[in-house]
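Below is one structure, written out as structure tokens, with a few remarks after it.
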Amino acid sequence: MQKYLGGLYILDVKKSCSVTGHRKLKESQIDFIRQELRREIEIAIIEGYNHFISGFANGTDIEFAMIVAELKKENPIITLEAVLPYRKRMNTKNKQFHELLDKCDTITITSEEYNKSCFHKRNLYVIANSERIIAVFDGRKKGGTFHALKIAEKNNREIKLINI
């Protein structure tokens with residue numbers, strides 16, 4: 001199905017792109033990471049991706065969500081989904097987190113309570129609901145980003161790697 005918007009016909013199909021990456025980013029790498037995330041997101045938009053999913057963890061996820069929120073201003077067909085690992089994550093006093101959460105079209109909570117597997121469950125949801133994953137990855141063979149990439153590969157997701 002197509003919609004007419006601003007002089008253009010657009011497909012009314014949700015193509016989803018998400019992010020995985022490290023929480024702790026080196027200050028010296030932030031500008032590079034932002035530049036590469038923006039480039040990958042803009043390419044995704046050109047290629048028809050219009051739904052963007054962030055796990056809303058500190059670091060890569062928040063940087064990704066900020067860029068998508070900014071691009072939403074120019075492109076009204078873009079949607080942003082926050083996927084939180086447990087309900088009380090919303091209790092943070094971080095003002096930037098709440099301002100960014102307010103810009104989301106959808107908020108999904110994958111576990112009611114914090115538990116050892118809630119982050120893994122969140123990652124499974126993000127990967128299951130994405131055709132493309134943008135990964136900010138330093139190559140280490142452990143941790144959440146490494147495991148998310150393994151799951152994405154196993155599930156035949158397209159991966160766009162930003163090596164740091």
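Nothing in this text is a laboratory measurement; each read-out follows from the coordinates by a stated rule. Since this is a predicted model, take the numbers as computed values, not measurements. Note: ideal-geometry Cβ built from the backbone for every residue, glycine included; neighbour counts use all protein chains shown.
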Tell me which residues come under 5 Å, amide H to amide H, from ALA57 once H is placed; ignore anything under 5 positions away on its chain. ILE62
Tell me the angle of helix 30-46 to the major Cα principal axis of the chain, expressed in degrees between 0 and 90 and rounded to the nearest ten. 40 degrees
How tilted is helix 60-74 with respect to the longest principal axis of the chain? Cα atoms for both, answer in degrees (0 to 90, nearest 10). 20 degrees
Relative to the longest principal axis of the C-alpha atoms of the chain, give the angle of the C-alpha long axis of helix 118-128, reported between 0 and 90° and rounded to the nearest 10°. 30 degrees
So for the chain, taking the charge dipole from beta-carbon charges (+1 Lys/Arg, -1 Asp/Glu), which of ILE78, SER111, GLY59 sits furthest toward the positive end? SER111
Along Cα→Cβ, 7 Å out, is where each label goes; now give me the distance between the ones at SER117 and GLU42 in nm to one decimal. 4.2 nm
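Mind listing which GluC sites (Glu not before Pro) in the stretch 23-121 are in a DSSP loop and have 14 or fewer other Cβ atoms within 10 Å? Can you show the working numbers first?
Values: sites: GLU27, GLU36, GLU40, GLU42, GLU47, GLU63, GLU70, GLU74, GLU81, GLU99, GLU112, GLU113; in loops: GLU47, GLU112, GLU113.
Those that pass, being in a loop and sparsely packed, are GLU47, GLU112, GLU113.
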When MET66, MET90 are ordered from fewest to most other Cβ atoms inside 10 Å of their Cβ, what list results? MET90, MET66
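Can you compute the helix-only [θ] at 222 nm over the chain? Use -39500 (n - 2.57) per DSSP H run of at least 4 residues, normalise by all residues, nearest 500 deg cm²/dmol.
Working: 5 runs with 62 residues, N = 164.
It lands at -12000 deg cm²/dmol.
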Please report, for the Cα atoms of the stretch 70-164, the Rg to one decimal and the Dmax as a whole number; what are they, in angstrom? 14.6, 39
Projected label distance in nm at ARG87 and ARG140, using a 7 Å step from Cα toward the beta-carbon: 3.2 nm
Residues of type lysines that LYS88 reaches as a straight line, Cα spacing below 16 Å, ignoring anything fewer than 8 places off in the same chain: LYS116, LYS121
The simple spin-label model distance between LYS150 and LYS14, using points 7 Å out along Cα→Cβ, in nm, is 2.9 nm
Return the loop-located trypsin sites (Lys or Arg not before Pro) in the stretch 90-164 (DSSP other than H, G, I, E, B) with at most 16 other Cβ atoms within 10 Å of their own Cβ; answer none if there are none. LYS93, LYS103, LYS116, ARG140, LYS141, LYS142
